[in-house]
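**Student:** To start, I am sharing the structure in question, which I have written as structure tokens.
The values are calculated or read from the model by the stated rules, or taken from the named source; none is laboratory data. This one's a predicted model, so the numbers in the text were calculated from it and none came from an experiment. Cβ sites come from the backbone with ideal geometry, for glycine too, and all protein chains shown count toward neighbours. What goes into the accessible areas is simple: the full protein's heavy atoms, side chains included, and nothing from ligands, DNA or RNA. Shrake-Rupley method; radii C 1.70, N 1.55, O 1.52, S 1.80 Å.
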Amino acid sequence: MSTITALGLVLMILMILVGGKQGWTSFLSLLLNFGFLYFAIVLIAFHVPPLFVTLTTGTIILAVTIFMGEDDLKTTVTAFYASLIVMEILLLLIIGVEHWAMVQGFGPEDSEDLEGMSILIGISYLKVAVTTTILSTLGAIAEAAMAVAAGLTEVLNAHPDISTAQIMKSGMAIGGQIIGTTFNTLFFGFFGGFLTLFIWFAGLHYSFGTIMNNKIFVAEMIMVLTSFIGVLLTVPITAWIMGLRKKTIVDSFSENK
């Protein structure tokens with residue numbers, strides 16, 4: 001048994017023990033998302049337009065993550081709509097940022113690994129960079145949308161007569177509680193994943209300016225900052241959609257009673 005298989009089994013067992021049926025469902029959603037990501041790589045390798053693959057795969061991953069993570073449609077539908085809107089906004093933003101930053105492709109640090117290999121694969125590295133950045137933000141976006149939508153659903157259940165302005169205010173208050181922890185999660189995940197690279201920079205005595213202009217470092221920082229922006233956009237957009245769906249949600253509460 002490989003190490004990855006053993007860790008996967010431990011993860012599955014713990015998710016089932018802690019979350020029960022919902023834990024098992026979440027584990028299945030993880031496997032499905034991995035499969036869709038692999039399928040996206042295969043499609044891009046066969047020269048299917050990367051932006052089309054990004055939108056299609058991103059939508060599927062968001063749907064699997066959100067709808068398999070929660071049974072309450074009042075929460076999941078709102079979170080899904082908000083996540084889709086944020087993904088499309090980020091796509092437009094990332095296309096411009098990646099084009100101006102020109103950090104797609106490989107850096108000098110990759111030269112030894114790529115020696116003797118052709119990098120002329122017939123695929124735009126810019127579009128691949130856009131795809132990578134978008135897909136890396138989906139988890140943070142879905143998590144923030146679900147947190148805000150779930151909180152606002154409870155607010156509507158307790159106060160069905162609440163106004164749209166108050167829903168926005170409550171959504172921003174809920175978002176303020178999760179933004180700090182989400183930012184720390186993204187930042188330390190980035191720092192931990194690239195600790196070896198930072199040690200390399202220190203060992204080679206890279207100056208601060210060299211580090212800030214390093215292609216690998218800047219590409220990863222763009223991913224992290226894009227995720228931050230996605231989370232920030234998700235909070236008000238989720239609250240806004242919840243305000244639009246207020247009547248439908250309140251009516252569903254009345255039918256259940």
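**Student:** Specify the residue that is farthest from the chain's Cα centre (by Cα); the eligible residues are those in the stretch 116-156 that are open to solvent by 70 Å² or more (accessible area, probe 1.4 Å), at pLDDT 70 or above and farther than 22 Å from ALA219 by Cα.
**Tutor:** GLU154
**Student:** Further question on the same structure: Whether any residue in the stretch 213-222 is open to solvent by less than 80 Å² (accessible area, probe 1.4 Å) and under 30 Å from THR78 (Cβ atoms) is what I want to check.
**Tutor:** yes
**Student:** Are any residues in the stretch 70-115 of a type in the set (Phe, Trp, Tyr), open to solvent by 40 Å² or more (accessible area, probe 1.4 Å) and modelled with pLDDT of 65 or more, and if so, which ones?
**Tutor:** Once the filter is applied, which keeps residues that are of a type in the set (Phe, Trp, Tyr), open to solvent by 40 Å² or more (accessible area, probe 1.4 Å) and modelled with pLDDT of 65 or more, the stretch 70-115 yields TYR81, TRP100.
Per-residue answers, yes or no, for (1) touching a residue at least 40 places away in the same chain (Cβ under 8 Å); (2) open to solvent by 60 Å² or more (accessible area, probe 1.4 Å); (3) closer than 22 Å to GLY96 by Cβ:
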| residue | (1), (2), (3) |
| --- | --- |
| THR164 | yes, yes, no |
| ILE174 | yes, no, no |
| ILE199 | no, yes, no |
| TYR206 | no, yes, no |
| PHE228 | yes, no, yes |
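**Student:** Six or more apart or on different chains, Cβ under 9 Å: which pairs go from a residue in the stretch 1-26 that's open to solvent by 100 Å² or more (accessible area, probe 1.4 Å) to one that's part of a helix (DSSP H, G or I)? Could you list them?
**Tutor:** MET1/LEU9; LEU17/GLY23; TRP24/MET12; TRP24/MET15; TRP24/ILE16
**Student:** Considering every residue within the stretch 179-194, establish whether at least one is modelled with pLDDT of 80 or more, small (Gly, Ala, Ser) and surrounded by fewer than 14 Cβ atoms within 10 Å (Cβ to Cβ).
**Tutor:** No, the stretch 179-194 contains no residue that is modelled with pLDDT of 80 or more, small (Gly, Ala, Ser) and surrounded by fewer than 14 Cβ atoms within 10 Å (Cβ to Cβ).
**Student:** Could you count how many residues in the stretch 27-40 are in contact (Cβ under 8 Å) with a residue 40 or more places away in the chain and surrounded by 17 or more Cβ atoms within 10 Å (Cβ to Cβ)?
**Tutor:** 2
**Student:** Out of all the residues in the stretch 42-58, which are exposed (fewer than 14 other Cβ atoms within 10 Å of the Cβ) and assigned to a helix (DSSP H, G or I)?
**Tutor:** VAL42, ALA45, PHE52
**Student:** Next up: Does GLU143 satisfy the criteria of being in contact (Cβ under 8 Å) with a residue 24 or more places away in the chain and of a type in the set (D, E, K, R)?
**Tutor:** Taking the combined requirement at face value, the residue satisfies it.
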